[in-house]
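The values are calculated or read from the model by the stated rules, or taken from the named source; none is laboratory data. Quantities reported herein were computed from a predicted structural model and do not represent experimental measurements. Glycine gets a Cβ as well: all are built from the backbone with ideal geometry, and neighbour counts include every protein chain shown.
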Amino acid sequence: MSSDYSDRLRRREASPLAALWELLDRVRDPELPVLSIWDLGVLQDVTCGNGSVVVTITPTYSGCPAMEQIRADIERVLRAAGIEALEIRTRLAPAWSSTWLSPQGCARLRQYGVAPPSDGVAAEHGLTPDAGVVCPRCGSAHTLRISAFGSTACKALYRCTHCCEPFDYFKPI
Amino acid sequence: MSEDDLQQATLELALRLGDDALVLGQRLSEWVSNAPYLEEDIACANVALDFIGRARMYYGYAAELAADGRCEDDFAYLRSEREFHNYLILELPRGDFAFTQVRQLLVDLYNSGFLAQLCRSRDATLAAIAAKAMKETRYHLRRSREWVVRLGDGTEESKRRTQQALEELWGYTHELFEPDTLEQQLAQAGIGVDTRMLKAHWQQELEALAREAGLHLPQNDWAVRGGRTGYHTENLGHLLMELQSIHRAYPGCQW
Ligand SMILES: [Zn+2]
């Protein structure tokens, strides 16, 4: 478990707004619906001040179109729960890292057919390796990178030479 | 410089960096459905999105500093050619795939030096944007490096085209390392980057890579300048016409 995740977990557990955090677990990554914004490491904090709920999020990739959808979904979920006054703040620093994924999120990704970052050994500068990411279908490490840029900003494309299937790898960044 | 002047200069810098990112992002996006094969098509779209996202962060910050009601869309869609201050190398047409990858290499290598410095800016927002962009640039650079080596060290045809792209682009790289007064003042104030300091390392890295790829770096016998003062090649007008057409047809429209 990464320290970044532990920090977030501590913040959540110390928060008096447990019900709101749980409500926000309903907001999913539109591209990877098995992940909540909590699992994804996008949800940083939920606070309450001057009668207004403040949700702080950190974007994954600079140009990820899913972020707009996530903002709209946060607003929709909170309004449906009767919260009128709310603010969504974007926090850029520290920059989002794939090490912020929750352990449950990683397990769910694997089940979904996407290898989580920890199923590969990062190359120099923490980039996707050429080979050896564990195949989420058959568990073989005989795999090769096809492209570091997959169907969405957060994924790289690999293929397994054992079961011969292509698969996505949630890339380290 | 007074605090007010510094803030005005920071706004100008944020706009320049936003222009750089937007123009290159637009050029890269032209490869969507035109790239040599599917994986490359997707990779070009991914990298283009990173740059467009970067432009949004810089423009968003510029809007915050301007505090006059303008938003990121005003900067992207409602300024004319002369008001854009991007480097010229970024607006050149995408050319063939070798041209695109050589430009990408020259720019990714420059960005990797530039962002590493901007991460240390005493302006917290610029430093945060740089830290985020830096992570993405590592991926961009690995890809453009691999492509240029592969194309340079490939067939006779791919080598010829890659060398030719390098010759055509070289004269546009000089202005990357020629900060004007505003950029020098911001660097002295600990906010911006003195890009003159980046050139030696940039050149060194390129020389090593050119050797590996069997290419040679061109002579410094010509240079074109003007991006930072708004004097552009004819290409920017055409690019903006396409980029701004929807917003001009439907003023104020939003996605
Ligand atoms: Zn497999």
task = Considering only region A:71-93, state which residues are touching a residue at least 12 places away in the same chain (Cβ under 8 Å) and under 21 Å from B:A131 (Cβ atoms).
result = A:R89, A:T90, A:R91, A:L92
ask   = Is there a residue being out of contact with any Leu (no Cβ under 7 Å at 6 or more places or on another chain) and among the polar types (S, T, N, Q) anywhere in region B:141-151?
value = no
request  = Considering every residue within region A:99-106, establish whether at least one is within 16 Å of the ligand (Cβ to nearest atom), away from chain B (no Cβ under 14 Å), farther than 30 Å from B:R120 by Cα and in contact (Cβ under 8 Å) with a residue 12 or more places away in the chain.
outcome  = no
query = When you scan region B:206-235, how many residues do you find that are touching a Gly at 6+ places or on another chain (Cβ under 9 Å) and not aromatic (F, W, Y)?
reply = 13
key: Matching option when the condition is closer than 17 Å to B:H85 by Cβ and touching a helix residue (DSSP H, G or I) at 6+ places or on another chain (Cβ under 9 Å), among B:G214, B:G237   = B:G237
request  = Select, from B:L115, B:L106, B:L126, B:L65, the only residue that is away from every other protein chain (no Cβ under 14 Å), at pLDDT 95 or above and buried (at least 21 other Cβ atoms within 10 Å of the Cβ).
outcome  = B:L106
message = For region A:125-144, give me the residue count where each residue is within 13 Å of the ligand (Cβ to nearest atom) and within 14 Å of chain B (Cβ to nearest Cβ).
response = 1
query = Looking at (1) in contact with a strand residue (DSSP E or B) (Cβ under 7 Å, 6 or more places away or on another chain); (2) touching a residue at least 24 places away in the same chain (Cβ under 8 Å); (3) not polar (S, T, N, Q), which is the only condition A:I173 fails?
reply = (1)
ask   = Of all residues in region B:148-166 being assigned to a helix (DSSP H, G or I) and touching a Ser or Thr at 6+ places or on another chain (Cβ under 9 Å), which is nearest to the other protein chains (Cβ to nearest Cβ)?
value = B:R150
ask   = Residues in region B:78-93: is at least one assigned to a helix (DSSP H, G or I), away from chain A (no Cβ under 14 Å), under 19 Å from B:L151 (Cβ atoms) and of a type in the set (A, V, I, L, M, F, W, C)?
value = yes
ask   = Where residues in region A:151-173 are farther than 20 Å from A:W100 by Cα and within 9 Å of chain B (Cβ to nearest Cβ), which of them is nearest to the ligand (Cβ to nearest atom)?
value = A:L157
request  = List the helices (runs of 4 or more DSSP H) that sit entirely inside region A:1-70 and contain at least 3 residues that are under 20 Å from A:P94 (Cα atoms) and more than 14 Å from every other protein chain (Cβ to nearest Cβ).
outcome  = A:3-14, A:37-40
task = Kindly indicate whether any position in region B:242-250 is among the charged types (D, E, K, R) and assigned to a loop (DSSP other than H, G, I, E, B).
result = no
query = Yes or no: B:R82 in contact with a Leu (Cβ under 9 Å, 6 or more places away or on another chain), surrounded by fewer than 22 Cβ atoms within 10 Å (Cβ to Cβ) and not aromatic (F, W, Y)?
reply = no
request  = Go through (1) among the aliphatic types (A, V, I, L, M); (2) crowded, with 18+ Cβ neighbours inside 10 Å; (3) under 16 Å from the mean Cα position of the chain (by Cα) and name the single condition B:V148 misses.
outcome  = (3)
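Of the residues B:T155, B:T137, which single one is closer than 29 Å to B:I52 by Cβ and modelled with pLDDT of 95 or more?
On the way: B:T155 fails: closer than 29 Å to B:I52 by Cβ.
Of the residues listed, the single one that is closer than 29 Å to B:I52 by Cβ and modelled with pLDDT of 95 or more is B:T137.
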ask   = Looking at B:R16, is it touching a residue at least 40 places away in the same chain (Cβ under 8 Å) and out of contact with any Phe, Trp or Tyr (no Cβ under 8 Å at 6 or more places or on another chain)?
value = yes
